[in-house]
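The values are calculated or read from the model by the stated rules, or taken from the named source; none is laboratory data. This structure is a prediction, so every number in the text was calculated from the model and none was measured. Note that we place each Cβ from the backbone using ideal geometry, even for glycine, and neighbour counts take in every protein chain shown.
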Amino acid sequence: MLEVSNLHAGYGDAEVLFGVDLKVQPGEIVAIVGSNGAGKTTLLRAVSGILKPTSGSIRFKGKEMVGKPTHEMVEQGLIMVPEGRRLFPRMSVRRNLEIGAYSKRARPHLTERLEYVYELFPILKERAEQLGGTLSGGQQQMCAIARGLVATPEVLMLDEVSLGLAPVMISRVYDAIRTIRDLGVTLLLVEQNVNQALSIADRAYVIQQGQIALSGTGAELQGNEEVRRIYLGLSSTEE
Amino acid sequence: MEILIQLVLSGILLGGVYALAALGLNLIFGVAKIINFAHGEFLMLGMYAGFWLMTLTGINPYYGAPLIAVAFFILGALFYTGVMRFTIYKPELTQVFVTLGLSIALQNLALMFWQADYRTIQTMPPGYASLMVGNINLPTDRVIAFGFAVAILTAIIVFLKTTFTGRAIEAVSQDLMSARLMGISPQKIFLLTFGLGIAITGVAGGVLIPSFYAFPSVGSFFVLVAFVVVVLGGLGSVTGTIVGGLTLGIIETLVGYFTPDLKEATHFVLLILLLAVRPHGLLGIKGAEKETLK
């Protein structure tokens, strides 16, 4: 479905990604984990076209997409929910969700999608007229995911969904992610919250200094003592 | 009492016109975070467009307004694709120099082609120059210009709130990256915003020429007014532009009647007071004065 190979990207002269390869199959949840500054967010930005890759290939549904502008990625169904939620702060929750259906691809499905996300996150229906900037962090995250769903993704990329959220909110967001998978949406998660991400993921990649250092099923990586110690900075006594 | 009503009504008419003259500046700033120092020159060109339309073809600029709008939309689109597109993610100073340079160039081109003469047109037949309501006297041209201001401001607000394209413009103004992730092409939105902003400014010039003289440097008067209106009402806010325009129009008219010498000074006293007390304007968004594209 999504195949990234030998992807290089960076900001100005500072290269961040040094030849990343990864594959996402339809219906999977794939997690990308790694420490701060390893290049996780840069990877998603490059895949979504927000950041122009310097070289490499991004194939989506068999089509070469590298260097295409973000709005063309969106029209193909490759949708990203950015780190830090980034709602439109002075628009109501409803307007935020409606703008999710801006693309030609999503516009005909607006009504049914709105119903769907209101069912998935009932709090958003309650807060529909409230300004995006006035929601709590967890509600903003739900709204950001919902906005991404209104865009009718085939692959939904979530950047650091659990960052800054209370534990109870994190588990609610992860419950929602499972439900979204059941809708037939393929998910690509980038997470610092390694345990959460690995326990939900079918497969996962560990990224380190801009390269894929390890990959495997979520369970494999979660059980791997070396992964925990070296790559993820967790010690076995930490829990 | 009657004189006070007369003054406030005149002030409202002037304020509406000021709001219309400032709207394009604020629209472009709100979306692209670019302060267009050549704004006044586009207004000047709009005034000349109204003037030449009337003198060469006999078409009254009130009827010719759609024509001016289309021509200036194209001009605005060219302004974006030819010039501003290259400065859009550049430091503020680059944008200031480019638009300031353009302002000087346009002023001098106008001077070269049209000389420094003060020009105006008469749109109303003799005897219809003013409307009398009781003992209140309102210049017809001002009333019509005010009508244009109300119509255009309303249309813009409705467009921004209710259409997908209008909301996309709002989205880009609030968070560029999120807007891109929703499938909005920023290039398209910037082009549209510059087209719209300049079209509004051109029409504003066209309906102002019957009540103000046109000359090559008239823009520098109006650009100051526009800055005061925008800062007063709030950067990036359309309703703020209306409030800012009306406030300035009314205060200026009142001060001008009682102490004519201080009329022009009111602009700057208001500006200084506001910057000291409420830098984001009456209805502005807190922090908007520091906003850049993100």
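Among the residues of region B:158-171, the one identified as more than 17 Å from B:PHE190 (Cα to Cα) and either at pLDDT 95 or above or crowded, with 20+ Cβ neighbours inside 10 Å (or both) is B:VAL158.
Restricting the search to strands (runs of 3 or more DSSP E) fully inside region A:29-83 and requiring at least 1 residues that are of a type in the set (A, V, I, L, M, F, W, C) and closer than 30 Å to A:ARG229 by Cα gives A:29-33, A:78-81.
Within region B:253-290, can you find the residues that are of a type in the set (Asp, Glu) and either at pLDDT below 85 or within 26 Å of B:SER173 (Cβ to Cβ) (or both)? Quick ask: steps written out before the conclusion?
Looking only at region B:253-290, we keep the residues that are of a type in the set (Asp, Glu), and these are B:261, B:264, B:289.
B:GLU264, B:GLU289 - these are the residues of region B:253-290 that are of a type in the set (Asp, Glu) and either at pLDDT below 85 or within 26 Å of B:SER173 (Cβ to Cβ) (or both).
The set of residues from region B:86-128 being of a type in the set (S, T, N, Q) and at negative phi comprises B:THR87, B:THR94, B:GLN95, B:THR99, B:SER103, B:GLN107, B:ASN108, B:THR120, B:GLN122, B:THR123.
Under the condition of being among the hydrophobic types (A, V, I, L, M, F, W, C), more than 9 Å from chain A (Cβ to nearest Cβ) and over 21 Å from B:PHE72 (Cβ atoms), the residues counted in region B:153-199 number 2. Within region A:103-120, track down each residue that is in contact (Cβ under 8 Å) with a residue 40 or more places away in the chain and either surrounded by 22 or more Cβ atoms within 10 Å (Cβ to Cβ) or within 14 Å of another protein chain (Cβ to nearest Cβ) (or both). Of everything in region A:103-120, those that are in contact (Cβ under 8 Å) with a residue 40 or more places away in the chain and either surrounded by 22 or more Cβ atoms within 10 Å (Cβ to Cβ) or within 14 Å of another protein chain (Cβ to nearest Cβ) (or both) turn out to be A:SER103, A:ARG105, A:ALA106, A:HIS109, A:LEU110. State all residues of region A:130-142 that are over 14 Å from the mean Cα position of the chain (by Cα) and buried (at least 24 other Cβ atoms within 10 Å of the Cβ); if no residue qualifies, say none. Once the filter is applied, which keeps residues that are over 14 Å from the mean Cα position of the chain (by Cα) and buried (at least 24 other Cβ atoms within 10 Å of the Cβ), region A:130-142 yields only A:GLY132.
Could you please let me know if B:PHE146 is touching a strand residue (DSSP E or B) at 6+ places or on another chain (Cβ under 8 Å), farther than 23 Å from B:ALA32 by Cβ and modelled with pLDDT of 95 or more? No. Taken together, the residues in region A:180-224 that are assigned to a strand (DSSP E or B) and under 21 Å from A:GLY84 (Cα atoms) amount to 6. Only one of the listed residues (A:VAL81, A:VAL16, A:VAL30) is among the β-branched types (Val, Ile, Thr) and modelled with pLDDT under 95. That residue is A:VAL16.
Per-residue answers, yes or no, for (1) facing another protein chain (nearest Cβ under 9 Å); (2) closer than 27 Å to A:MET65 by Cα; (3) acidic (Asp, Glu):
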site	(1), (2), (3)
A:SER92	no, no, no
A:ARG95	yes, no, no
A:GLY137	no, no, no
A:MET142	no, no, no
A:VAL155	no, yes, no
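Of the residues making up region A:143-169, just one is farther than 25 Å from A:LYS61 by Cα, under 15 Å from the mean Cα position of the chain (by Cα) and surrounded by fewer than 19 Cβ atoms within 10 Å (Cβ to Cβ), namely A:LEU163.
Please give the number of the condition A:LEU189 fails out of (1) modelled with pLDDT of 90 or more; (2) hydrophobic (A, V, I, L, M, F, W, C); (3) farther than 29 Å from A:GLY10 by Cα. A:LEU189 satisfies every listed condition except (3).
When B:GLY202 is tested against (1) away from chain A (no Cβ under 14 Å); (2) closer than 19 Å to B:LEU23 by Cβ; (3) modelled with pLDDT under 95, exactly one condition is not met: (3). Would you check which residues across region A:1-23 are in a strand (DSSP E or B) and without any contact (Cβ under 8 Å) to a residue 40 or more places away in the chain and list them? Selection gives A:ALA14, A:LYS23.
Can you tell me how many residues within region A:197-222 are among the hydroxyl-bearing types (Ser, Thr, Tyr) and buried (at least 17 other Cβ atoms within 10 Å of the Cβ)? Walk me through it before giving the result.
Taking region A:197-222 and keeping what is among the hydroxyl-bearing types (Ser, Thr, Tyr), we get A:199, A:205, A:215, A:217.
Restricting the remaining residues to those that are buried (at least 17 other Cβ atoms within 10 Å of the Cβ) gives A:205, A:215.
Total satisfying the criteria: 2.
Between B:ALA199, B:ALA168, which is of a type in the set (Gly, Ala, Ser) and without any contact (Cβ under 8 Å) to a residue 40 or more places away in the chain?
Values: B:ALA199 fails: without any contact (Cβ under 8 Å) to a residue 40 or more places away in the chain.
Exactly one of B:ALA199, B:ALA168 is of a type in the set (Gly, Ala, Ser) and without any contact (Cβ under 8 Å) to a residue 40 or more places away in the chain, namely B:ALA168.
Against the condition within 26 Å of A:LEU165 (Cα to Cα), crowded, with 23+ Cβ neighbours inside 10 Å, in contact with a Pro (Cβ under 8 Å, 6 or more places away or on another chain) and at the interface with chain B (Cβ under 10 Å from one of its Cβ atoms), how does A:ILE99 come out, does it pass? When the stated conditions are applied, A:ILE99 does not pass them. Quick one: is A:VAL194 among the hydrophobic types (A, V, I, L, M, F, W, C), farther than 30 Å from B:ILE169 by Cβ and buried (at least 21 other Cβ atoms within 10 Å of the Cβ)? It is true that A:VAL194 is among the hydrophobic types (A, V, I, L, M, F, W, C), farther than 30 Å from B:ILE169 by Cβ and buried (at least 21 other Cβ atoms within 10 Å of the Cβ).
For every residue, the table says whether it meets (1) in contact (Cβ under 8 Å) with a residue 24 or more places away in the chain; (2) of a type in the set (Gly, Ala, Ser); (3) touching a strand residue (DSSP E or B) at 6+ places or on another chain (Cβ under 6 Å).
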{"position": "A:GLY133", "(1), (2), (3)": "yes, yes, no"}
{"position": "A:GLY138", "(1), (2), (3)": "yes, yes, no"}
{"position": "A:CYS143", "(1), (2), (3)": "yes, no, no"}
{"position": "A:GLY148", "(1), (2), (3)": "yes, yes, yes"}
{"position": "A:ALA151", "(1), (2), (3)": "yes, yes, yes"}
{"position": "A:ALA176", "(1), (2), (3)": "yes, yes, no"}
{"position": "A:GLU191", "(1), (2), (3)": "yes, no, yes"}
{"position": "A:ILE207", "(1), (2), (3)": "yes, no, yes"}
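Hey, could you check region B:106-139 for residues that are part of a loop (DSSP other than H, G, I, E, B) and small (Gly, Ala, Ser) and say which is surrounded by the fewest Cβ atoms within 10 Å (Cβ to Cβ)?
Just the residues of region B:106-139 that are part of a loop (DSSP other than H, G, I, E, B), to begin with: B:115-118, B:120-129, B:134-135.
Filter once more, keeping what is small (Gly, Ala, Ser): B:116, B:127, B:129, B:134.
Numbers: B:ALA116: 9, B:GLY127: 6, B:ALA129: 14, B:GLY134: 8.
Once the filter is applied, the top-ranked residue is B:GLY127.
Taking the condition of being within 14 Å of chain A (Cβ to nearest Cβ) and either under 18 Å from B:LEU25 (Cα atoms) or in contact (Cβ under 8 Å) with a residue 40 or more places away in the chain (or both), how many residues in region B:235-286 meet it? If you could, list the steps in order and put the result at the bottom.
Of the residues in region B:235-286, the ones within 14 Å of chain A (Cβ to nearest Cβ) are B:235-240, B:280, B:283-286.
Among the residues that remain, those that are also either under 18 Å from B:LEU25 (Cα atoms) or in contact (Cβ under 8 Å) with a residue 40 or more places away in the chain (or both) are: B:235-240, B:280, B:283-285.
Final tally of qualifying residues: 10.
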